[in-house]
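Here's the structure, in structure tokens; my notes come after.
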Protein chains: 2
Amino acid sequence: MTVPAPIAWASGSIRILDQTALPVEERYVQLTSLEEVARAIETLAIRGAPLIGIAAAYGVAMAAGRRVGGSVGQVVTNAIVRLGGTRPTAVNLHRALARMEAVGLRTGGDAEALLAEARRIHEEDAVMCRRIGEAGLPLVPDGAVVMTICNAGVLATGGIGTALAPVYLAHEAGRRVEVIVPETRPLLQGARLTAWELARSGIACTLIADGMIASRLRRADVTCVLTGADRIAANGDFANKVGTYGLALAAREHDVPLFVAAPGTTVDVACPTGDAIPIEARDASEITGFGGQRTAPEVPVWNPAFDVTPATLVRAFLTDRGRVDPAQLAWRFAA
Amino acid sequence: MTVPAPIAWASGSIRILDQTALPVEERYVQLTSLEEVARAIETLAIRGAPLIGIAAAYGVAMAAGRRVGGSVGQVVTNAIVRLGGTRPTAVNLHRALARMEAVGLRTGGDAEALLAEARRIHEEDAVMCRRIGEAGLPLVPDGAVVMTICNAGVLATGGIGTALAPVYLAHEAGRRVEVIVPETRPLLQGARLTAWELARSGIACTLIADGMIASRLRRADVTCVLTGADRIAANGDFANKVGTYGLALAAREHDVPLFVAAPGTTVDVACPTGDAIPIEARDASEITGFGGQRTAPEVPVWNPAFDVTPATLVRAFLTDRGRVDPAQLAWRFAA
């Protein structure tokens, strides 16, 4: 793997690759306070549902180790509350924090135990990524053309990604693969992150604007669509980066199967359908400007970070427990 | 109308509003040579299928008046060849140039006659816009929410626009209207131009990223979709700004009717279907950077300026001859 890890524990602090600086600069930042971790998540310096969970877990461990502002119990609770409020849609964040909370309660906030749990969450994620890749590997034969959206790769996880995991394994196996990468406005995670990590890995990719998705799928040479997910409801509806729903409609129109790659921790059986998934609204400035330059006049903006795609548009989920049909999802991942 | 005219004949030269500078700056430029007119069209300083036709007609008249580089016949022919090669998809350009060529041949390249013809093309376009608006006015009742794409308004025509013409007439009639404006990457004509001219006109609009089109349509309050067209084939397939096809698929999914607003000059009965429409490929740099800043690593890019939407997704065409069903198109606009 030639793509650098987006997060690492660094003797009491958290070292991250600042994803807002890519692709222009490969900048690493040391996070040394709870607030810095929370802001890194909110500003998308660290993003991707699995990676957010890992970052939050390390954040709790760091807060416990530094024990600033009250008893260790208070410090851990404050950390969980602050980090839990950063981003509402991805469920992995809340799962990771629930595990940290349980360890905190069991050990009286023992910093070593909390760090060990955060490391486990990180390592488990890497294992889950590889299993997702194995579940999806048959979908990426030699010569495959895969379309994805946003970034669900190394930079979104603790391992080789979710949607891109089958691509990395196919590449490892010597298969030729091309990835079609929609730039993914407003924050261009496709252009800035996915194209960057694929180029670093020597995997062919072609960048398109989001409005080109449907006409690209019409060309009839796309093997499959692979996306990640930020939360999957019990019925198989899933939230992912805004634009996924339109992509899914176009894929169905052209008989290109769509697969959703995500660890089981993304499944929220407490959400009966996609309608129950909270959708984060982000700031208007993400759309009205770019790099300090205005791209629109002062007008109202609608800027949801995610959309919901109905289960009927999903061929199958690729999970760390293998390939799962939408109808089987709830019982396979029942709590 | 509070939106400035995007083009005007100014005693021997052509005055244009430089659309690449909007919305930051309202900059006017005098075009004084054939090459300047051609470059203004190629760089999208002037754009929009009807407006390109008008600009090219004035360009021929200007070239004839200045008579630089050969006999008047050569000058007119050179102008028509150079301007005809600027952009391949819009058919209005070629129609306007064919009219100028006919006048040039008939009058021996008389500059006054050519200017009179260019003015007629300009004035006729304004009349066509208003007729399109009247054809579409019943689709925009009080309280309507209209979705469009790119810019098919004042800034794209010699009048009140094509797709936006019904909106302007509804606003004139005192109806409350809101327009949903996808920003329209890569060149952001929605954000930079449509939002700007609507804001200038006091018409409510909401800006979204292109990836939000499908989820916005899902909210079930959009009255209709109104788009322009750059070329309409005999069977009703039409080419328009890339992203229109995906928008049309999402509109059908949510039972939102899609209307294509364009003058009859946009119908090309010589094109049997959309497959015969040439699609302009534009430079990769439109997608890999913004305002001098890199937004993607060095990777291959696919950047078609237009896509083709099949006639089956069109409820009706709104033309200067009224509302026309796709099946009636060919005989209504037979040459």
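The values are calculated or read from the model by the stated rules, or taken from the named source; none is laboratory data. All of these numbers come straight from a predicted model, not from anything done at the bench. Cβ atoms come from the backbone with ideal geometry, glycine included; neighbour counts cover every protein chain shown. Side chains are part of the model used for accessible areas, which takes the heavy atoms of the whole protein and leaves out ligands, DNA and RNA. Shrake-Rupley method; radii C 1.70, N 1.55, O 1.52, S 1.80 Å.
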Review point. Do we have residue B:256 as part of a strand (DSSP E or B) and either in contact (Cβ under 8 Å) with a residue 40 or more places away in the chain or open to solvent by less than 10 Å² (accessible area, probe 1.4 Å) (or both) here?
Key: no
Review point. In this structure, is residue A:332 open to solvent by 20 Å² or more (accessible area, probe 1.4 Å), farther than 13 Å from residue A:229 by Cβ and touching a Lys or Arg at 6+ places or on another chain (Cβ under 8 Å)?
Key: yes
Review point. For residue A:78, which of the numbered conditions (1) within 29 Å of residue A:23 (Cα to Cα); (2) of a type outside the set (Phe, Trp, Tyr); (3) surrounded by fewer than 19 Cβ atoms within 10 Å (Cβ to Cβ) fails to hold?
Key: (1)
Check your understanding: If only one of B:85, B:12, B:59 is out of contact with any His (no Cβ under 8 Å at 6 or more places or on another chain), at pLDDT 95 or above, open to solvent by less than 30 Å² (accessible area, probe 1.4 Å) and of a type in the set (Gly, Ala, Ser), which one is it?
Key -> B:59
**Study point:** Which listed residue is more than 8 Å from chain B (Cβ to nearest Cβ), more than 27 Å from residue A:19 (Cβ to Cβ), in contact with a strand residue (DSSP E or B) (Cβ under 9 Å, 6 or more places away or on another chain) and not aliphatic (A, V, I, L, M), from A:230, A:221, A:255
**Key:** A:221
Review point. Hey, among A:207, A:187, which residue is within 12 Å of another protein chain (Cβ to nearest Cβ), under 19 Å from the mean Cα position of the chain (by Cα) and of a type in the set (A, V, I, L, M)?
Key: A:187
Study note, to complete from the structure: Within segment B:236-248, the count of residues that are within 24 Å of residue B:135 (Cα to Cα) and either within 14 Å of chain A (Cβ to nearest Cβ) or open to solvent by 20 Å² or more (accessible area, probe 1.4 Å) (or both) comes to 9
Review point. What residue, among those in segment A:279-319 that are away from chain B (no Cβ under 12 Å) and either within 30 Å of residue A:23 (Cα to Cα) or in a strand (DSSP E or B) (or both), is farthest from the chain's Cα centre (by Cα)?
Key: A:283
Check your understanding: Based on what the data block shows, is residue A:276 surrounded by fewer than 16 Cβ atoms within 10 Å (Cβ to Cβ), of a type in the set (A, V, I, L, M, F, W, C) and either away from every other protein chain (no Cβ under 14 Å) or free of Cβ contacts under 8 Å to residues at least 24 places away in the same chain (or both)?
Key -> yes
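Residues checked against (1) touching a Phe, Trp or Tyr at 6+ places or on another chain (Cβ under 6 Å); (2) surrounded by 24 or more Cβ atoms within 10 Å (Cβ to Cβ); (3) within 24 Å of residue A:245 (Cα to Cα):
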residue: A:109; (1), (2), (3): no, no, no
residue: A:151; (1), (2), (3): no, yes, yes
residue: A:159; (1), (2), (3): no, yes, no
residue: A:167; (1), (2), (3): no, yes, yes
residue: A:202; (1), (2), (3): no, no, no
Check your understanding: Just a yes or no: is a residue in segment B:283-301 touching a Phe, Trp or Tyr at 6+ places or on another chain (Cβ under 8 Å) and touching a residue at least 40 places away in the same chain (Cβ under 8 Å)?
Key -> no
Study note, to complete from the structure: Being under 19 Å from the mean Cα position of the chain (by Cα) and on the phi > 0 side of the Ramachandran plot narrows A:228, A:236 down to just A:236
